[in-house]
Amino acid sequence: MKIVSAEVVVTSPGRNFVTLRITTDEGLTGLGDATLNGRELAVVSYLRDHVAPLLLGRDPHRIEDTWQYLYRGAYWRRGPVTMAAIAAVDMALWDIKGKAAGLPLYQLLGGASREKVATYGHASGRDIPELLDSVREKLALGYPAIRVQTGVPGLKAVYGVGGAEAGTGPDGHPRPLVEDWDTAAYLRHLPGVVEAVRAEFGAELPLLHDAHHRLTPLQAARLGKDLEPYRMFWLEDCTPAENQEALKLVRQHTTTPLAIGEVFNSLHDYQYLLTNQLIDYVRSAVTHFGGVTPLRRLFDLAGQYQIKSAIHGPEDISPVGMAAGIHLDLAIHNFGIQEYSGYTETTHRVFRHAYTFTDGHLHPGEAPGLGVELDEELAAAHPYDPAYLPVNRLQDGTVHDW
Ligand code: GCO
Ligand code: MG
């Protein structure tokens, strides 16, 4: 079998998604997700201009060889653009292999290790009553675990809650939303919020919180200690992920479990954290980590330290990347939890998928390969829509981590 085409489709059925479609001379097609929120077209160019021409004529069955050829062959390694592009190729080739074998991807990865995949959903509110309502809504959908994000008194918009007007630049191009931030106010406010959620919903509900890289190691250590009475499922991205040694200080001070990794794109980013046992959950998505092939390796290494998976699954991973993650979740031994925040109805129609979400649990379904088909016409009816992720500023205007 030979690859005869590799095309990139950009569509925005609610938000932008980048999809690679590889076609073989036997008429099989494979899809891969290459979405990098806010920098989508950089990956489109990487794929169209530099990767697609190299794929023509190659044997799609040679996944490992193609991965190494693109990774080592580029010489310039790692980085979100490169790894999202390689991820899309890797996913599309696994999709083709599954279709050729007539088996869903999870069967090629060793078969099911569990019946279904537990997820967590996002609850958020500007204040505590609004947050409690949001938790109730997520529980009604069956979510077995809930991430809680809340507004902070005195701040207009923070991660996960609210949003200021983005506006446009002189050329009409959109500008990022601007959010505001005050770490001291946040640290004073959050423990009381979690206490209120616990008081309302009881001790058993697994609760998560995302600090979105905003704290110093000492602030994160303080927060971890303050949250200990509420037995969090995890505290996510407490410090900027670039400095992995920071987690050492946090770890020395708190038993609140730690999750990190959505901005990592290679096994090397985790090496220090895993071998020093500084985290409890690894958060990478198939889409940003170079594909199924390397993410499987990450989970196997993490498993040696009793560290579990927690695949990144926000609405800016396309259903193709989501499907790839769900197959891994079902197959690996050290599954922890899967993030799932759902999609717009149009997104579900553009990416028709075999995976299901029932009572807060996902299952990849039994369709061969990834089990996702792209509706090209509908995709074309929702063209690329330039947009950025928000930026964050302190009260005096200084840019802060978003
Ligand atoms: C999460 C993440 C996302 C990211 C988003 C950036 O835990 O789901 O933090 O919400 O902010 O994916 O594009
Ligand atoms: Mg996060």
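The values are calculated or read from the model by the stated rules, or taken from the named source; none is laboratory data. Treat the numbers as computed from the prediction; the structure is a model and nothing was measured. Using ideal geometry, Cβ is built from the backbone for each residue, glycine included, and neighbour counts are taken over all protein chains shown.
The figures follow:
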item	result
Qualifying position, being closer than 21 Å to Asp237 by Cα, at pLDDT 95 or above and within 16 Å of ligand 1 (Cβ to nearest atom), among Thr275, Thr287	Thr287
Residue match in segment 284-306 (condition: surrounded by fewer than 20 Cβ atoms within 10 Å (Cβ to Cβ) and under 22 Å from Tyr355 (Cα atoms))	yes
Contacts under 9 angstrom Cβ, first residue in segment 222-248 being of a type in the set (S, T, N, Q), partner modelled with pLDDT under 95 and assigned to a loop (DSSP other than H, G, I, E, B), 6 or more apart	none
Matching residues in segment 271-289 - criterion: being within 15 Å of ligand 2 (Cβ to nearest atom), outside any helix (DSSP H, G or I) and in contact with a helix residue (DSSP H, G or I) (Cβ under 9 Å, 6 or more places away or on another chain)	Ile279, Tyr281, Val282, Ser284, Ala285, Phe289
Strands (runs of 3 or more DSSP E) contained entirely in segment 206-270, each with at least 2 residues that are away from ligand 2 (no atom under 14 Å from the Cβ) and touching a Pro at 6+ places or on another chain (Cβ under 9 Å)	none
Single match in Ala140, Ala157, Ala118 (criterion: without any contact (Cβ under 8 Å) to a residue 12 or more places away in the chain and over 20 Å from Leu227 (Cα atoms))	Ala140
Within segment 189-208, considering residues that are crowded, with 20+ Cβ neighbours inside 10 Å and under 18 Å from Ala140 (Cβ atoms), the one farthest from the chain's Cα centre (by Cα)	Val197
Test for Trp234: is it in contact with a His (Cβ under 6 Å, 6 or more places away or on another chain) and buried (at least 17 other Cβ atoms within 10 Å of the Cβ)	no
Only listed residue being at negative phi and assigned by TED's automatic domain parsing to the domain that holds Val8, chosen from Ala145, Ala92, Ala140, Ala118	Ala92
Residue in segment 233-241 that is over 30 Å from Arg77 (Cβ atoms) and over 17 Å from the mean Cα position of the chain (by Cα) present	yes
Looking only at segment 22-62, and only at residues there that are within 17 Å of Asp385 (Cα to Cα) and not small (Gly, Ala, Ser), the one that is nearest to ligand 2 (Cβ to nearest atom)	Asn37
Tally, over segment 108-137, of residues that are over 15 Å from Ala196 (Cβ atoms) and assigned to a loop (DSSP other than H, G, I, E, B)	8
Segment 249-278 - residue that is of a type in the set (Gly, Ala, Ser) and free of Cβ contacts under 8 Å to residues at least 60 places away in the same chain and, of those, nearest to Gln306 (Cα to Cα)	Ala259
Residue list for segment 347-402, filter: charged (D, E, K, R) and in contact (Cβ under 8 Å) with a residue 12 or more places away in the chain	Arg349, Arg352, Asp359, Glu366, Glu373, Asp375, Glu376, Asp385, Arg393, Asp401
Test: residue in segment 10-30 that is within 21 Å of the chain's Cα centre (by Cα), more than 19 Å from Phe289 (Cβ to Cβ), aliphatic (A, V, I, L, M) and outside any loop (DSSP other than H, G, I, E, B)	yes
Per-region count, segment 270-288, residues polar (S, T, N, Q) and farther than 20 Å from Ala323 by Cα	4
Breaking point among (1) in the same structural domain as Gly142 (by TED's automatic domain parsing); (2) more than 14 Å from the chain's Cα centre (by Cα), for Ala380	(1)
Residues that are in a loop (DSSP other than H, G, I, E, B), within 16 Å of ligand 1 (Cβ to nearest atom) and surrounded by fewer than 21 Cβ atoms within 10 Å (Cβ to Cβ), drawn from segment 138-158	Ala157
